[in-house]
Amino acid sequence: MRLFTKTLLVTLFYGSQSYASLNSGTIVVLRGQAKTGDNKILNEKDKVSAGSTVITGQRSFVRLLFPDNTQLNIGPDTTMRIEPSKPGEASIVSLVGGQIRAKVTKDPLLNQGNSGAKEKMVIKTKTAAMGIRGTDFNVSFNPQNNITALITFEGNVAMTRLDPGTNPF
């Protein structure tokens, strides 16, 4: 099992050479209140760049739209960070607490005729890492009990368990 986990992590974090990073998203919907990690109030049409943390308030909601039409919906009472990544690497989103729903677009030019499609985005929590290709899914993380929950609506998500406190990067 350890070999599988290590193989999955290597694939998730280093195997996505063909995708452009989701370096900057635009807030297209904002209901309620949201701010950055440095307490800057967010508004519709604001850009959220790699390295930014987004924190939503109670009964609040943010939809980010990325240049490739990937959508990231950030639910109420959620803290998440878009990690900096290099061009050609999978984009990494750290979910500190709360829930996000994402619709990650597929790149039709990648891996034609190749069943070994690479991840486009990686969602990580304190207890799990998920590799996403072209998928519609919801992930939540409860920091009080360290439980990560995943619901996949369409497509596939590769998920592996991490021991709390383990940093796979």
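The values are calculated or read from the model by the stated rules, or taken from the named source; none is laboratory data. All of these numbers come straight from a predicted model, not from anything done at the bench. Methodologically, a virtual Cβ is constructed for each residue, glycine included, from the backbone with ideal geometry; neighbour enumeration extends over all protein chains shown. Surface areas here come from the heavy atoms of the whole protein model, side chains and all, with no ligands, DNA or RNA. Shrake-Rupley method; radii C 1.70, N 1.55, O 1.52, S 1.80 Å.
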Environment charge at Asn43 (Cβ cut-off 14 Å; Lys +1, Arg +1, Asp -1, Glu -1): +4
Rounded accessible area of Lys126 (nearest 10 Å², 1.4 Å probe): 100
Taking only Cα atoms of the range 31-91, radius of gyration then Dmax in Å: 11.6, 36
Charge tally in the Cβ shell below 9 Å around Val29, where Lys, Arg are +1 and Asp, Glu are -1, Val29 excluded: +1
